[in-house]
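Okay, structure first, notes after.
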Amino acid sequence: SLTHSHSRAPRVLQVLRPGGVVLLRDYGLYDHAMLRFKPGHKISENFYVRQDGTRAYYFSKDFTEQLFAAAGFKVDQLEFLSKQTVNRKEGICVPRNFVQGRFVLLPD
């Protein structure tokens with residue numbers, strides 16, 4: 001669950017020294033996969049369950065920044081990436097969105 005993922009931050013803090021860097025790239029809001037979910041798959045805001053039972057969270061820049069700041073990181077770089085994936089065989093082009101960032105652990 002997303003709550004479980006939030007609890008992983010202390011583990012990262014146990015092995016990362018001040019000045020250490022975390023790189024992140026994950027699904028962003030309004031990614032094609034998010035838009036395809038049918039009613040009944042939404043667990044909470046931006047949080048969905050797939051048909052196979054796995055879960056997916058779609059991040060915003062603001063939420064990602066707050067998440068890392070609360071864990072003691074400085075945002076070095078954070079961007080919302082939008083790309084298009086083209087399936088020539090099917091003749092479709094779909095939006096793919098990602099949040100990508102570089103975060104530096106601040107000294108205590």
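The values are calculated or read from the model by the stated rules, or taken from the named source; none is laboratory data. These figures come from a predicted structure and were not determined experimentally. Neighbour counts are summed over all protein chains in view; Cβ atoms, including those assigned to glycine, are modelled from backbone coordinates with ideal geometry. The area values use the complete protein model at the heavy-atom level, side chains included, leaving out ligands, DNA and RNA. Shrake-Rupley method; radii C 1.70, N 1.55, O 1.52, S 1.80 Å.
The table below lists the values:
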quantity: Residues satisfying the stated conditions in region 50-73, i.e. over 23 Å from residue 108 (Cβ atoms) and not in a loop (DSSP other than H, G, I, E, B); calculated: 55, 56, 57, 59, 61, 62, 63
quantity: Close pairs from region 44-69: first closer than 14 Å to residue 31 by Cα, partner polar (S, T, N, Q) and open to solvent by 40 Å² or more (accessible area, probe 1.4 Å), Cβ under 8 Å, at least 6 apart; calculated: 57/5
quantity: Filter result for the condition that a residue is open to solvent by 50 Å² or more (accessible area, probe 1.4 Å), of a type outside the set (A, V, I, L, M, F, W, C) and without any contact (Cβ under 8 Å) to a residue 24 or more places away in the chain, over 38, 74; calculated: 38
quantity: Pick from region 19-48, criterion of a type in the set (Lys, Arg) and over 13 Å from the mean Cα position of the chain (by Cα), ranking: modelled with the highest pLDDT; calculated: 42
